[in-house]
Structures are given as structure tokens and as C-alpha cells.
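For reference, the structure is listed below as C-alpha cells.
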Amino acid sequence: MIQVSGERFEELVAESLDSLPDFLGRTMENVVVVVENRSSDGRSLFGLYEGIPLTQRTPASYTGVMPDRITIFQETISSVCFSEEDLVRQVRKTVIHEVAHHFGIGDDRLKELGWA
């Protein structure tokens, strides 16, 4: 297990988001990314997407809604990493996985692509 400060972990999440291709970053809409220690329901999740994927939004049904939320769980990720290099890789993989859900890509497809 590796431990880094909350500030450093948030930097890794920000760097992962910044590493996304520009066209994806520009396409992300009404979504916030946050870091928490662990899932509040006790599950061992690395990340969690909550919201309405872009592929399911329509002008008629998507008005006045709260932003989608991507949560990255620091302690859960850190618990399976043994170096900062491992941590960087796992944070990036988790961020990409959750952003993919924002774009409507499901777990089965992410597994096919090697991001699950």
C-alpha cells in the first residue's frame, strides 16, 4: 500500500483528466469530479459515476438537473498500489473508466477495451 497526501492524489486525478484528448474534454458536459477516501456504502470501489450519460440526454428530459458526479476513491486505490508509479497508472485507469461511463460506455465494453 502506498500513501500520498490528499493534495498529491488530487493532482494525480487532475493530471489524468488533463491527459484526456482535447475533444473529449470539450465534450464533457455538466459533470464534476471529486476525491473521497472510500465509498460510503462500504463497497471497495476505485471510482463511481453517478448521473445521466451523454448518450441518454435529450433537450426535453435534461433540464435543471444537478451535475453528474465522478468520485475517485483515494484509500481504495492506494490500498492496491505499492509505488507512486502504480498509483499514477491506477488513478488514470480509474478516471478514464468513469469518464467513459459519462459518455455512455458500459462495463462490458470497457472490459473489451481493457479499461475495466
Scanning segment 26-42 residue by residue, those under 15 Å from GLY104 (Cα atoms) and either at pLDDT below 90 or of a type in the set (S, T, N, Q) (or both) turn out to be THR27, MET28, GLU29, ASN30
Considering (1) under 13 Å from the mean Cα position of the chain (by Cα); (2) at pLDDT 95 or above; (3) not in a loop (DSSP other than H, G, I, E, B), say which one LEU45 fails and leave the rest. (3)
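Here is a yes/no grid of residues against (1) surrounded by 12 or more Cβ atoms within 10 Å (Cβ to Cβ); (2) in contact with a His (Cβ under 9 Å, 6 or more places away or on another chain); (3) among the small types (Gly, Ala, Ser):
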position	(1), (2), (3)
SER16	yes, no, yes
PHE23	no, no, no
SER39	yes, no, yes
PHE46	yes, yes, no
TYR49	yes, yes, no
THR55	no, no, no
SER61	no, no, yes
GLU75	yes, no, no
Within segment 52-102, can you find the residues that are assigned to a helix (DSSP H, G or I), among the basic types (Lys, Arg) and touching a residue at least 12 places away in the same chain (Cβ under 8 Å)? ARG92, LYS93
If you go through segment 91-116 one residue at a time, how many are surrounded by fewer than 18 Cβ atoms within 10 Å (Cβ to Cβ) and of a type in the set (S, T, N, Q)? 0
ARG38 assigned to a loop (DSSP other than H, G, I, E, B) and under 16 Å from GLU10 (Cβ atoms): yes
Out of ASP41, ASP68, sole residue that is over 21 Å from ILE2 (Cα atoms), among the acidic types (Asp, Glu) and touching a Gly at 6+ places or on another chain (Cβ under 6 Å): ASP68
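The values are calculated or read from the model by the stated rules, or taken from the named source; none is laboratory data. These figures come from a predicted structure and were not determined experimentally. Positions of Cβ are generated from backbone atoms using ideal geometry, with glycine treated the same way; all protein chains shown enter the neighbour counts.
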